[in-house]
Amino acid sequence: MGAPSPSLYADLQPLAGHSAAYLGEGAAGRLGGAVEALGGRRVLLVHGRTSYLRSGAATLVDRWARRYRISHFDGVRPNPDIGQVREGVAMARRFRPDVVVGIGGGSSLDVAKAVAVLSAQPVADPLDCLRQPELITEPRRTALVLLPTTAGSGSEMTRFATVYVDGRKHSLDLPAVRADLVLVDPALTSSLPRPESIAGGLDALAQAIESHWSVSADEASRTLAVEALERLLPALARAADTGSFADPKVRADMAHGAALAGTAIDLTRTTSAHALSYELTARLGLAHGTAVALHLDWLLGRHAALDESECRHPDGAAAVRRRVEVAQNLSCESTGGSVEQLVRRLLGAAGQPVALHELSLPADTWKQPLTAALSSTRAWNNPCVLTEEDILRFLV
């Protein structure tokens, strides 16, 4: 599918790393014109219920919806499971849209991406495609447009879609999952509750840091990661100082930084902070950004002290330590303190635990999940070789 002409968005800021992603106040108001430019007549809108109304997206859609045949899949809940994807795929197969529009946070965007790709496959059950990606043989038949209403997941910029099956994370990772058009409007985040804003910001912060030290990183991804940190750290510090994300500049920098971090991980993938976080989310119901931040907190110190005997990064331990130092220096310039101090301030402001040990988790119930997490591709992308003992020291 092709994107609408860039001339339609000449007054918006193009986002690096994507051929048709644009940032700016008022970007969401271009959605109707984008659907028309894509030749849309039948539009499937994928979103949650509360966020769709709260963000103002519903009002914007109502302005142009009468021109099209519209169907809403509004059953998206946080950390979407296979049941939600099955429902969305079934609706798409019945409705046969020519444009799928995902509106919301990372969960809504991931479901929209999964539905757009999996509804085109000859396989009846989407679960089979998640378990056997080689079954995905047909191209996506619909245009895909994404409109984030949070600043954090970066899902709008990636070729991934996350789905949980029996509490375990599965990911689609295909070029077809990447959107044809992305419109990032910071105004849509203005009504987001503070805990959700904090969780999203922490997720984006972790993505930028993990991409920067990733085994898979290269010069292009590291540049994107540092640019993300240069926007995220001052914005998060300002929000922590004022207790609010109401400042339009904070919202704009958060949205821009999250998109840059998403583009960086699209190139590198994430590492152990993410690999280890999913069990906390699945088992305890912690917000994804909270779970990631709790692991990022101790991993920063672990990587700052990395030596060659435990380093798997091709650039060597000294290079990894320098990349941690870059993040810490940027944090000191922006916040007057370390990344860990900022993370703990934000977790506390959200009413969340500020360290893993505060969760009081029994060690014997975590050994098997830790073994699985440490054997994942994200853990192998981590520059430091970690052991169960490393993690349990902070977990219990």
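What follows is calculated from the coordinates using simple rules that are stated; it is not laboratory data. Note that the structure is a prediction, hence the values are computed from the model and not measured. Here the Cβ positions follow ideal geometry from the backbone for every residue, glycine too, while neighbour counts run over all protein chains shown.
Here is the result for region 220-321: no GluC sites (Glu not before Pro) lie in DSSP coil with at most 15 other C-beta atoms within 10 angstrom of their C-beta. Within the chain, the whole DSSP H helices whose Cα atoms reach 20 Å or more along their own axis and whose mean Kyte-Doolittle score is at least -0.5 are 194-213, 219-242, 248-268, 288-304, 317-335. Pick from VAL145, VAL320, VAL101: which is most flexible by mean-square fluctuation in a GNM of the chain where alpha carbon atoms under 10 Å apart are linked? In this elastic network of the chain, the residue with the biggest mean-square fluctuation among VAL145, VAL320, VAL101 is VAL320. Rounded to the nearest 500, the helix-only mean residue ellipticity at 222 nm of the chain stands at -15500 deg cm²/dmol, with each DSSP H run of n ≥ 4 adding -39,500 (n - 2.57). If you average the alpha carbon positions of region 49-107 and of region 306-347, how far apart do those two centres end up, in angstrom? Each part reduced to its Cα centre gives a spacing of 39 Å.
Name the most mobile residue of PRO234, PRO314, PRO14, meaning the one with the largest mean-square fluctuation, in a Gaussian network model of the chain with Cα contacts below 10 Å. Of PRO234, PRO314, PRO14, the most mobile in the Gaussian network model is PRO314. Net charge near ARG49: determine it from the other residues with C-beta under 11 Å of the C-beta of ARG49, scoring Lys and Arg +1 and Asp and Glu -1. Neighbourhood net charge equals +1. DSSP finds beta bridges in the chain, and of those with both partners inside it, around 30 percent are antiparallel.
Here the chain is treated with +1 on each Lys and Arg Cβ and -1 on each Asp and Glu Cβ, and its dipole about the Cα centre works out to around 1380 debye.
Counting Lys and Arg as +1 and Asp and Glu as -1, what is the net charge of the other residues whose Cβ lies under 9 Å from the Cβ of ARG238? Could you put the intermediate results ahead of the total?
On the way: positive: LYS249; negative: ASP241, ASP247, ASP253.
After counting each charged neighbour, the total is -2.
Quote the relative contact order of the chain in percent (integer), defining contacts as alpha-carbon pairs under 8 Å separated by 6+ residues. Write out the running numbers ahead of the final one.
Values: 779 pairs, mean separation 58.3, N = 396.
Taking the mean separation of contacting Cα pairs over the length of the chain, I get 15 percent.
Cross-link reach is defined here as a Cα-Cα straight distance under 17 Å, omitting same-chain residues fewer than 8 places apart; for LYS113 the lysines meeting it are LYS169.
Among the trypsin sites (Lys or Arg not before Pro) in region 1-98, those placed in a DSSP loop whose Cβ has at most 16 other Cβ atoms within 10 Å are ARG41, ARG49, ARG63.
Note on region 194-395: the C-alpha convex hull projects to 10.0 nm² when averaged across all orientations.
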